[in-house]
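The values are calculated or read from the model by the stated rules, or taken from the named source; none is laboratory data. Computed from a predicted structure; not experimentally measured. Cβ coordinates were reconstructed from backbone atoms using ideal geometry, including for glycine residues, and neighbour counts include every protein chain displayed. We work out accessible area using only protein heavy atoms, side chains counted, and drop any ligands, DNA or RNA first. Shrake-Rupley method; radii C 1.70, N 1.55, O 1.52, S 1.80 Å.
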Amino acid sequence: MAAESVWSRWRREVHDVLEVGGDAHPAGRLIEGFIIVLIILNAIAFAAETVDHLAERYGVYFYAFNLFSVAVFSIEYALRIWSAIDIPMLSRMPPWKARLRFALRPIMLIDLFAVLPFYLQWLIPIDLRALRVLRLFRLLKLVRYSPALQTLGRVIAQEYRALLGALLVMLVLMLFASTLIYFLERDAQPEQFGSIPAAAWWAIATLTTVGYGDVVPITPWGQVLGGIVMLLGVGMFALPIAIVATGFSLESARHQFVATWSMVARLPLFSSMSESEIAEITKLLYTRTYAPGIPIVRAGDTGGAMYLIENGEAAVSLGGGNSAPLKEGDFFGEMALLERRRHQHDVIAKTRCRVLVLDAQALSRLTRRHPEILDYLRQVARERKQAADAARGENRKRKPRAPAPAGTPDASESS
């Protein structure tokens, strides 16, 4: 049992360092920084190897650096798989199944493809030099460590309908431009505009305002059409850029950092949910960090959200110098949110706290799909209210009576 508890403690430490990082463990930021630098150096080395005189002169060093990188990335990958069973959602499964489920996540597949080409060249006795391009997957590992890239991914996922609409408009414009230029230029330039598919190259280059100049209209009406297509392209190709830029700005304003799948999966409130459900919940959460001594909520604030402590400790001020501790995995604010009232107590960060925030709109969306969460929150709210009422009753009983004025008989005398 002792050995098992030591292994469990080490596994949790590894999970905190690799999957949560940052404030969850002192070594988290150091490991993250080291991996990020190693990824960037790998990209530089990959490009430098294609320069013949550098490859000839420093080929041995490039190979040694690649060996070192593969070793580091392989150990990182193995440790992530090993520590996966400490995620509450996966802890209910057999260890092999939990690790397999974790390994099939997209970000873990990227980690696998980052080192797979190296092992394949030793396992399969054929020339796999073409697979070296998969080393570029090491750059994709930066997504794990870059809040900006994660935010961009969230924006694209949230705005995909608008982006698909803009893409459809651009395809329609391209088809119309290709068709019209085909009829206007096919007699003058049958080699370049002999068919609508052939004319599509000119339409794409013109709509995007790239203008390579390899194919240009020479008839007057073709040139007029070219000018119109350029103007339409400036407006229409700016549309998806505006959609992404606006969404990115809004997401950046809402989030101080990106709530990751691993952060949410380790919270007890969501431990009974599946991997896909955790991924959906992650999109609903605001994120905030608080320094020690900073109020997370104040008494009298509008109860528009509930808060989940992802990392750190806080305390609820109960009045009279009393307080109740809150630690990692605890949540608060659900009573004010459910009863649509103001907060009755201050909640102060005791250490640096990383807090996930679920507002009223997000909670409504979540509980429509998972009514059991709403039932659980109501049950917790009732229990906390009963405990608070009981504590107030005990305080009233223990409160000393004010001394009677001089000359006033006490109860024993009056009886």
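Some values worked out for this structure:
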{"read-out": "Apportionment of accessible area to carbon and sulfur, the stretch 316-355, percent (1.4 Å)", "value": "47"}
{"read-out": "Sum of side-chain charges, residue 201 neighbourhood, beta-carbon under 15 Å (Lys, Arg +1; Asp, Glu -1)", "value": "-2"}
{"read-out": "Listed residues 30, 102, 45: farthest to the positive end of the dipole of the stretch 27-177 (Cβ charges)", "value": "102"}
{"read-out": "Highest-first arrangement of 350-359, 75-84, where packing means the average Cβ count within 10 Å", "value": "350-359, 75-84"}
{"read-out": "Heavy-atom accessible surface of the stretch 148-222: percent carbon and sulfur, 1.4 Å", "value": "71"}
{"read-out": "Distance (nanometres) between label positions extended 7 Å along Cα→Cβ at residue 104 and residue 78", "value": "2.4"}
{"read-out": "Within-13-Å neighbourhood charge of residue 48 [Cβ basis; K, R +1; D, E -1]", "value": "-1"}
{"read-out": "Accessible area of the stretch 7-87 belonging to carbon and sulfur atoms, whole % at 1.4 Å probe", "value": "70"}
{"read-out": "Accessible area in square angstrom per residue, the stretch 276-368, 1.4 angstrom probe", "value": "46"}
{"read-out": "The stretch 38-181, accessible area per residue, ligands and nucleic acids excluded (1.4 Å, Å²)", "value": "57"}
{"read-out": "Per-residue ³J(HN,Hα) for the stretch 343-355, Karplus 6.51 cos²θ - 1.76 cosθ + 1.60, θ = phi - 60°, Hz, x for Gly and Pro", "value": "5, 9, 9, 7, 10, 10, 6, 8, 10, 5, 10, 10, 10"}
{"read-out": "Derived scalar couplings ³J(HN,Hα) [the stretch 58-64; Karplus, 6.51 cos²θ - 1.76 cosθ + 1.60; whole Hz; x for Gly, Pro]", "value": "10, x, 4, 6, 4, 5, 5"}
{"read-out": "Estimated distance in nm for a label pair at residue 231 and residue 58, the labels positioned 7 Å out from Cα along Cα-to-Cβ", "value": "5.3"}
{"read-out": "Extension gain (nm, one decimal) between residue 6 and residue 179, 0.36 nm per residue minus Cα-Cα", "value": "55.2 nm"}
{"read-out": "Label-point gap, in nm, between residue 169 and residue 68 - each point 7 angstrom along Cα→Cβ", "value": "5.1"}
